[in-house]
């Protein structure tokens, strides 16, 4: 009976074991056959390519930006430090070269220690190939069966990977896919970010830091948790010693070293030209959709590892951003003092309401169906937030409504610099801080003010107007235009101006006369030929700059004066290469058309030089001491809402705009708010900073090409003729008796001195004799 019971028990146990094994086999096969989701085929795994960030480079070879879903740069096995390979194998998979994707010995060891001995430090048992499978194909949620299903999937994929790739290729794939914290992927990016060097250049202790992060990339992040990172680094060095990759003495000495990182300089570089990189991203996204790879798929800006080479010069961009920080922070302090804590928009809540409607928060709430009253209540509730200050971002608690009021009090700016002759954009600053102000003021459209006047003058020259023609500075009403009567900002109306003087002093009355003599339509036509794409209304007030246009358009238009009248298309991409360094896009300078004659372009340069030498931009000489030749124009719009300065030098054409995000935010006085006080100082500081650098010191002595003697003669006239001088030049009609008396008196004086009268002409003398 007892024997029967033992036999029954053995049979029952055997059946149960068989049933469990069959169940496990059935479970494994169900995963293998794709019951829980398809397993990648060998063909798919063979063509598997990691997504790689696209990179943006300046003309001088500096990496300034990356576009990615995962911040990654792929590298070849040969480009990875062997110390890192050794540290990885010693720590993560010491039997890597002895298995085919699944290490059953390690797996049994882990199961025995973890399940039977309850050893929490027994390790995970996953090979590098299994970890690679997990990196390539993220785990899925199968509720209670998630762990076993995902583990089996990874074993199957790992085995297939091992059958397709060599061990070195497995390591290469793995090290290009490992998550390194945040949105950083791959050993190359981690090496660049934490040590500012390539993965091939990592030394042993640096390699140990990065390998240590693989266990928990947040816990062992060397920036956030340096002590934990150092302890983990030493554990990795201990593993290398244990498995013979490091002598004990070397391991001990390396473990005693402090944790050394180099992250600061890299972070500074990557922040450059934020507004430009965003504009570039938008254009390239559209371009990529229209371009196709060899497999017929369109390029993906975020995954295909493109290299974008731009015209931006990192040295010029750096000085442009520095000038904006220096001048705009000082101007903002002056603006706060000017308003003494009051709102520049007064009690007009509609200005604030318009800003609310433009906010992302409002749009999200409106999409949920909330009413204006409900949204306003949300905007009144205080929350913790980071806010912009000129001393760095600060954490504050305020309501979204108060934050909108806070940001509206700041003045903003746009700055663009183009190289004449090529049209290459060298610097692009779209605002004071891209993190807090997304709107790009290189592309935003505002009233142009007097910066439009050079286009009016150029149109007049093209129509044949003499630059020395004198125009009366008087206020005129034009009945044909509803009695429009332009006023001068100075409030004075006297004397006569030539083109040079009228442009130098931005005389509105003369600009209106020049426009109406030239014609509104021809002037608008020239503006469009010069690169102004914005709509310009057919009204005479455009002579004063009432039309709205972007800084990008105006700087492009001014480049024509420096390019002998030729219109150049602005360029900021020179080439794009794919991941294999094949050129897939190439751009070069493109001359569009001859917008104005070469002579008239030279005349305009001479007229615009007058703005600097004797006009509204004279501070560039007297206050800032800039000695290079400069041609340019200031501009100010109604109520000082916009301040402009566009300056041309032989080397660069640079434009600056300054104003509030809303035109209601401005200085109350022309003295403080004119372009010569807001925009011009930014331009001046930029040129001062730039010419102090070794590379661009030569810009201090730049000169335009000399003008011909004929052109000099054409421009040889006074800028301004006062009224009293004008009257003296008129011949006064004398009475008959006065003329006789004067003639007799002169004859008496000459005879007294023994002088003779001048001889009369022969013909006249002969007629007198005959008579």
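Each reported figure results from applying straightforward, stated rules to the coordinates on display, with no laboratory input. What you see is a predicted model; the values in this text were computed from it and never measured. Note that each Cβ is placed from the backbone with ideal geometry, even for glycine, and that neighbours are counted across all protein chains shown.
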Between the helical axis of 226-242 and the dominant principal axis of the chain, each derived from Cα atoms, what acute angle in degrees is found, rounded to the nearest 10? 50 degrees
Tell me whether the stretch 71-271 comes out rounded, prolate or oblate; compute the Cα gyration tensor, take square roots of the eigenvalues as a ≥ b ≥ c, and use a/c under 1.5 as the rounded threshold. prolate
log₁₀ of I(q)/I(0) at q = 0.12, 0.17 Å⁻¹ - the stretch 540-628, Debye sum with one point per alpha carbon: -0.59, -0.94
Using the number of other C-beta atoms within 10 angstrom as an exposure proxy, rank 89, 418, 11 with the fewest first. 11, 89, 418
Angle in degrees between helix 675-691 and the longest Cα principal axis of the chain, rounded to the nearest 10: 60 degrees
With an 8 Å cut-off on Cα pairs and a minimum separation of 6 or more residues, tell me the relative contact order of the stretch 71-271 in percent. 26 percent
Express in whole angstrom the spacing between the alpha-carbon centres of the stretch 150-177 and the stretch 618-684. 61 Å
Under the Kirkwood approximation applied to all pairs of distinct alpha-carbon atoms, what is the hydrodynamic radius of the stretch 330-376 in Å? 12.7 Å
Rg and Dmax of the stretch 370-515, Cα atoms only, in Å: 23.5, 64
Nearest 500 deg cm²/dmol is fine: what mean residue ellipticity at 222 nm does the chain get from its DSSP H runs of n ≥ 4 alone, each adding -39,500 (n - 2.57), divided by its residue count? -14000 deg cm²/dmol
Residue order, fewest to most beta carbons within 10 Å, for 97, 185, 137: 97, 137, 185
Considering only C-alpha atoms, what is the centroid distance from the stretch 208-254 to the stretch 331-357, in Å? 54 Å
What area, in nm² and to one decimal, does the C-alpha convex hull of the stretch 258-401 cast on average over all directions? 16.0 nm²
So what's the convex hull volume per residue for the Cα atoms of the chain, in Å³? 286 Å³
What's the angle, to the nearest 10 degrees (0 to 90), between helix 736-752's Cα axis and the longest principal axis of the chain? 80 degrees
Sort 446, 233, 224, 325 so that the residue with the fewest other Cβ atoms within 10 Å of its own Cβ comes first and the one with the most comes last. 224, 325, 446, 233
Which value, in nm² and rounded to one decimal, describes the direction-averaged projected area of the C-alpha convex hull of the stretch 411-720? 17.4 nm²
